[in-house]
1. What order do you get for 169-176, 293-300 when each peptide is scored by the mean count of other beta carbon atoms within 10 Å, highest first?
2. Run down the lysines and flag those whose C-alpha is under 24 Å from the C-alpha of K191, throwing out any fewer than 8 positions away in its chain.
3. Explain nothing, just compute: Karplus ³J(HN,Hα) = 6.51 cos²θ - 1.76 cosθ + 1.60, θ = phi - 60°, for every residue of segment 154-162 in order, whole Hz, x for Gly and Pro.
4. When D141, D128, D269 are ordered from fewest to most other Cβ atoms inside 10 Å of their Cβ, what list results?
5. Would you list T302, T274, T145 from fewest to most Cβ contacts within 10 Å?
6. For I76, I98, what ranking results if the residue with the fewest other Cβ atoms within 10 Å of its Cβ goes first?
7. Per the Kirkwood definition applied to all pairs of different Cα atoms, how many angstroms is the hydrodynamic radius of segment 76-178?
8. Report the net charge of residues surrounding G72, where surrounding means a beta-carbon distance below 10 angstrom and charges are Lys +1, Arg +1, Asp -1, Glu -1.
Amino acid sequence: MKFSRSAALLCAFAVTGGLATACGTGQSTSEPAPAATANARDDYHPTVREATAGLDGHTVYRPADLDAFPDGSVPILAWANGGCRTSNIPATSFLTGIAAQGYIVIANGAPGEHPIEQLPDDTLARPDRLTDAIDWATDPDTGGTQFGGKADTGTIGVMGTSCGGVEALLAASDPRVDSVAGLNTGFFPRKRFGFERTELSKIEVPTLLFNGGDKDQAQQNSVDNFELLDTPAVLVAQETAGHSGLTYGLDAGDTSGPMLIAGYTMVTDWFDYTLHGNKDAEAQFAGADCGLCTKPTWTVRTKNL
């Protein structure tokens, strides 16, 4: 069953251990997409949120009916949370929106793990949690079994926000990774989270960096990191999103959802482009008249595309 773009925002989840909860059973609507969104889509899949059997500390977001996909066709994305936290609950709607567009998302944090309000000053980035997810997903005896052979184990992206974006950028040097998206993130001028900007030289895959404008504390880091990258890269900015708006749906104080939809649509466009070579998705980023370039409050810079 297909459901509307806004339906992904309305799914309610029972977050209890390994319980898999399906959503997306509402009827489609004919309302136009909000103006803040990127390219509109009309093919959404109901989703499931479930535990990773045999791998502690992770959660799967995926299309509920994997039998609707050919064998070995559903790409894998590994996700790292803001603050390098081990709870993905705050990003549930965002990750659901990505999974609903035909992706298997493996997020750091067990299904029932709740957010930690205060982070220690010595928080370290843990890219190994993303590579652990990739190990599990590509093993035919673990992820291969859970996904019934539907996962495309040769097509893998990593993504994350804030400190989790640093984790994603670090994991991007893994030879199995084909593309990376770092949201509201970037390495600091001096070592922080245990790493420094020299790590950027290890990235050889297409890289998306995003910042939320002047109110995003990662704005300058994203700009500086973009300048240092030698790989094909895109820097996208949205001036009202701030540090968390793209992931949590905040747009200059508006919590009604358009920014959240724009966020997961932009990220999925990025992976549709870099993992699949989708021309419509490419047009959102490439060229002077790219899709995002023509939207008010959005700017796009590219290099080596």
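Coordinate-derived values only; no laboratory data. The model shown is predicted, which means the values in this text are computed figures rather than measured ones. A quick note on method: Cβ atoms are made from the backbone with ideal geometry, for glycine too, and the neighbour counts reach across all protein chains shown.
1. 169-176, 293-300
2. Of all the lysines, those that pass the test against K191 - Cα under 24 Å, at least 8 places apart if same chain - are K202, K215.
3. For segment 154-162, the Karplus curve yields x, 10, 9, x, 10, 7, x, 10, 6 Hz.
4. D141, D128, D269
5. Fewest to most other Cβ atoms nearby, the residues stand as T145, T302, T274.
6. I98, I76
7. After inverting the mean inverse Cα-Cα distance, the result is 13.8 Å.
8. That sum, taken over residues with Cβ under 10 Å, equals -1.
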